[in-house]
1. Pull up region 29-60, narrow it to residues that are modelled with pLDDT of 80 or more, in contact with a helix residue (DSSP H, G or I) (Cβ under 7 Å, 6 or more places away or on another chain) and of a type in the set (A, V, I, L, M, F, W, C), then point me to the one that is nearest to ASP8 (Cα to Cα).
2. Scanning region 14-26 for residues that are more than 16 Å from ASN80 (Cβ to Cβ) and open to solvent by less than 80 Å² (accessible area, probe 1.4 Å), which turns out modelled with the highest pLDDT?
3. Could you go through region 70-91 and let me know if any residue there is open to solvent by less than 60 Å² (accessible area, probe 1.4 Å), in contact with a Lys or Arg (Cβ under 8 Å, 6 or more places away or on another chain) and at pLDDT 85 or above.
Amino acid sequence: NKILSGIDLLVVPSLWKENCPLIAKYALLTGTRLFISNQPGILPKPQGEGIEIFKNTQQLKNKIEKLLKSREWKNPIKPNRELVMSIKKHAQILEKIYKEAL
């Protein structure tokens, strides 16, 4: 948590469906700005202050440049526990996804 709260931006550039990686959840809990790829599962509800979604490397580059130009990265964001769901709820969502895939 000390490391995450000390950085300005965490980028999660996954190319495959994720199982809600803990690093993204920890970022939200520490108020770390988060750029995530548009792959399903990284965050159950990828919305909120400090969260940006990108589709490709060019879009990621543009978002980073915009963040730097705006100097918004200097403004801390509030940790948001509401965006982090419980393990039980997450397991229920994953189970539903896997059942639909069969």
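1. Out of the qualifying residues, it is LEU34.
2. Here the residue is SER14.
3. No, that holds for no residue.
The values are calculated or read from the model by the stated rules, or taken from the named source; none is laboratory data. As the structure is a computational prediction, the values presented were derived from the model and not from experiment. Neighbour counts are summed over all protein chains in view; Cβ atoms, including those assigned to glycine, are modelled from backbone coordinates with ideal geometry. Surface accessibility is based on the protein's heavy atoms, side chains included, excluding ligands, DNA and RNA. Shrake-Rupley method; radii C 1.70, N 1.55, O 1.52, S 1.80 Å.
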